[in-house]
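Written below as structure tokens is the structure these notes are about.
What follows is calculated from the coordinates using simple rules that are stated; it is not laboratory data. Just so we're clear, the structure is a prediction, and the values are computed from it rather than from any experiment. For neighbour counting, all protein chains shown are included, and Cβ atoms are generated from backbone atoms with ideal geometry for every residue, glycine included.
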């Protein structure tokens, strides 16, 4: 049963990544101004250089042929060459992915540490004023756009990982709080409270096991949120990661680079979601 579930997730992951790569390439190709290259406006370029730039765009006009050709190259380990940066896409990923991985991982760690600390203290204290303060704080942070938090991190010299944590924290807290509050209404937890068990024991012996799979699923979803938050944070903070690379590729309409970034982000996101789902499945099986 578990092997079948893992195999199904693997097939979904591959199919979604391939479809995501094609859709991203199609959207860039059909976007207005695709054939226009800012580099061609450089007065220092001669006619041969301008013709070479136009020829590079011409090869991408047939999106189906371009995508199939890119897949064949990828099967041999070649992800193509960035049009705007004139470098192999694989080398760009190798240089920039570690920074984004570290940034996103630290952001998720700090964000979820804050979420769990606030959710658990709210559940243990059960003080209305404290709960209202937590709701007000998270509601205030949700209203602040990610780009504004990135700008504030630059102005106040705040680490980029903390900016990502502030972006994902309020959204995850709302869902986690609702899950925990719903768990407290379950019959066996109501019975445990009626028997006089301590709040600490009820939380960690009954509430956490009941909400564990759902919290894991929420953590998997928050990975995509953190990756999305890394784009404005890296672009505005001048951090040379995948997020900044995606921003530069979008501005330059760099089709090979954008397509590979989409596939990479899709794979990472789906892998996180699938891992959370499989672990949650095993968790529920142990409780049964």
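Values as computed for the structure displayed
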quantity	calculated
Exposure proxy ranking, count of Cβ atoms within 10 Å, fewest first, for 143, 237	143, 237
Three semi-axes of the equivalent ellipsoid, the range 96-252, Cα gyration tensor, whole Å, largest first	36, 16, 11
Where N is the number of residues in the range 69-135, Cα Rg divided by 2.2 N^0.38 Å	2.03
Tilt relative to the chain, helix 160-183 - C-alpha long axis, 0 to 90 degrees, to 10	40
Rounded to 10°, Cα long-axis angle of helix 128-142 versus longest principal axis of the chain	0
Most mobile of 123, 165, 230 in a GNM of the chain (Cα contacts under 10 Å)	123
Angle between the chain longest axis and helix 2-30 axis [Cα atoms, degrees, rounded to 10]	40
Computed over the range 230-288, the ratio Rg/Rh where both radii use C-alpha atoms and Rh is Kirkwood	1.25
Highest-fluctuation residue, 148, 104, 180 considered, GNM on the chain with Cα pairs under 10 Å	148
Residues 205, 112 arranged by fewest to most Cβ contacts within 10 Å	205, 112
Net lengthening on full extension, residue 130/residue 76 (0.36 nm per residue, minus Cα-Cα)	13.7 nm
Estimated [θ] at 222 nm from DSSP helical runs (n ≥ 4, -39500 (n - 2.57)) normalised by residues in the chain, nearest 500	-27000 deg cm²/dmol
Quotient of C-alpha Rg and 2.2 N^0.38 Å, computed over the chain	1.24
Using a Förster distance of 25 Å, the FRET efficiency for residue 141-residue 105 (Cβ separation, nearest 0.05)	0.75
Inter-site label distance for residue 194 and residue 117 at 7 Å from Cα along Cβ, in nm	3.7
Mean-position separation - Cα centroids, the range 60-107 and the range 198-264, in angstrom	19
Pairwise label distance in nanometres, residue 148 with residue 23, each label 7 Å out on the Cα-Cβ vector	3.0
Most mobile of 114, 192, 272 in a GNM of the chain (Cα contacts under 10 Å)	192
Length-normalised contact order for the chain - Cα pairs under 8 Å, 6+ apart - percent	28
